[in-house]
Every structure is written in structure tokens, then in C-alpha cells.
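The numbers here are math on the coordinates, done by the rules we state, and not lab data. Nothing here was measured: the structure is a model prediction, and the numbers come from that model. Using ideal geometry, Cβ is built from the backbone for each residue, glycine included, and neighbour counts are taken over all protein chains shown.
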Amino acid sequence: MCNLYSQTKSQDAMRHVFDDVVAEGEVLDDVTGNLPPMPGIWPDYPAPIIRHGPDGGWQLAMARWGMPTPPQFLAGKRTDPGVTNIRNLASPHWRRWLGVPHRCLVPFTSFSEPDNRPGPGKGKPVWFALGPDRPLAFFAGIRTTWTSVRKLKEGEVTVEAFGFLTCEPNREVERIHPKAMPVILTRPEEWRLWLTAPIDRALDLQRPLPDGELDIVLEDARDDPA
């Protein structure tokens, strides 16, 4: 599964790529502060998401990567760092967060999968992007506000949490990681559909990116600063 990705475009790029989705009278409110490039985003790290704002419209905000873990997997554990990748949307645990208010877009420029090819590189990161120039795209995400103990040293905290959907891999990802890939949205009409449509229509987007649309841009590196 994808447990490492990058987002190296500027805040301005994130705001303006969303212009085609914002309808007349809507605004995109940026509450992220001064956001540097993020060449390596790991589970439980804060990262930007585009979500529904509390007063209507859209909001570019920060959230921690990892949705609440289903309770049956927490027995005997003292912390819940969260679930990063979400596949089984028939589960009651996830269905509660599939409504429009909990959907979000997760900006990224590249993502990593562990190399499952035989040989000395097995398990090392292989980075995928929509091209060598790493154009901005989005994962289809869900988010919520949740109180839990994510790290013992923090104690109980209330955080904005997010995760993103996964699906069957396309041809490029399957060669490296045959189990799954993130749900990637590349067009403005897909972005708005995910954020606003009834769930039966929105879940049509839980499908692999077409074959040929991803490139391997980096291998055996813990971040992708390009």
C-alpha cells in the first residue's frame, strides 16, 4: 500500500489548479499558513487537503494522515496511529465517512510503493508520478475530526485526520506492487464529482488510473524533492 508520497508544488499552484472546480460565488480559503514543499509525507504526518469549509465553500487545510482504525484491530493496543489506505467501503466503519461533508482531495506530486520485484531492491521505494515534471493531481480522500491517542508521548489529542481510497493497480503499479494503488483524480470534473456527488456516483471513481498514465520517476529514495 502507499505509505509515502510527496507534494512539492506551491500553495499558489494548489489554489489555482482548483479554480476550474470553484463555482461562481464559491471561494477556496487557505488556512495552511506558510506551507513548504513536502518531499516525503509519511503516516501520521500533517499534510494539506482540500475539504468542505465549516462555513460553506472550500478550504485548503492541514490534517494528519491516518483515519481512525476499526476497533477490532485495536485490541490490546495503547495507540492508534490511523489507517492511511482505505479499500473496503462496504464496511460500516468507513461508510459513516462517505457522505459529502467528509470527502476531501489530497494534493500530491508523486507517490511511492514498495518494490515487490525479486532482487536486491525488494521492499525499497519506487516513486510514481503523472510525468517527469510531477504535475499536481489529487487522491480521493475522506476526513474526520477524531479524538484518540496516536502517540503515547502526545497522550489523547483531537486532530483532523484523513486517508485516501485504494483500488486495483493499473499496469505500471502492478509490476511493482500488485495488491493496490491509490485512487487518483486528474481532471476538474472528477475533483468536483468526488466532493459533491451522491455516493453511488462518487464511488464510480474508485478505479485504477488508465494504463500508461504513470511513470516511474525515482527509485530507492526516502523522499522525492523534484
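Before moving on, here are some points about what is shown:
- Stretchable slack from T145 to R78, in nm (0.36 nm times residue separation minus alpha-carbon distance): 22.2 nm
- Rounded if a/c under 1.5, otherwise prolate or oblate - segment 122-204, Cα gyration tensor axes: oblate
- From helices alone, the chain scores -2500 deg cm²/dmol at 222 nm; the rule is -39500 (n - 2.57) for each run of n ≥ 4 DSSP H residues, then divide by the residue total.
- Full-stretch length increase - I216, A13 - with 0.36 nm per residue and alpha-carbon distance subtracted: 70.8 nm
- Overall dimensions of the chain, expressed as equivalent-ellipsoid semi-axes from the Cα gyration tensor (√(5λ), whole Å, largest first), are 24, 23, 18.
- Between L35 and R171, the contour length at 0.36 nm per residue exceeds the alpha carbon distance by 45.6 nm.
- Placing unit charges on each Cβ (+1 for Lys and Arg, -1 for Asp and Glu) gives segment 94-201 a dipole about its Cα centre, and among L152, F162, L136 the Cα reaching farthest toward its positive end belongs to L152.
- Each of P46, N116, L28 was placed along the dipole of the chain (beta-carbon charges, centred on the mean Cα), and the one lying farthest toward the positive end is N116.
- Descending by average beta-carbon neighbour count within 10 Å, the peptides 132-145, 190-203 line up as 132-145, 190-203, the highest first.
- Distribution of pairwise C-alpha distances over segment 1-107, 10 Å bins, in %: 12, 40, 34, 13, 2, 0
- Distance between segment 81-104 and segment 170-226 - C-alpha centres, whole angstrom: 17
- Under a model in which nothing but the beta-carbon of Lys, Arg (+1) and Asp, Glu (-1) is charged, the chain shows a dipole of about 1000 debye around its Cα centre.
- With a Cα cut-off of under 25 Å and a minimum spacing of 8 residues unless on different chains, the lysine pairs in segment 5-219 number 5.
- Length-normalised contact order for segment 5-219 - Cα pairs under 8 Å, 6+ apart - percent: 21
- Sorting 41-50, 90-99 by their mean Cβ neighbour count within 10 Å, with the most densely packed peptide first, gives 41-50, 90-99.
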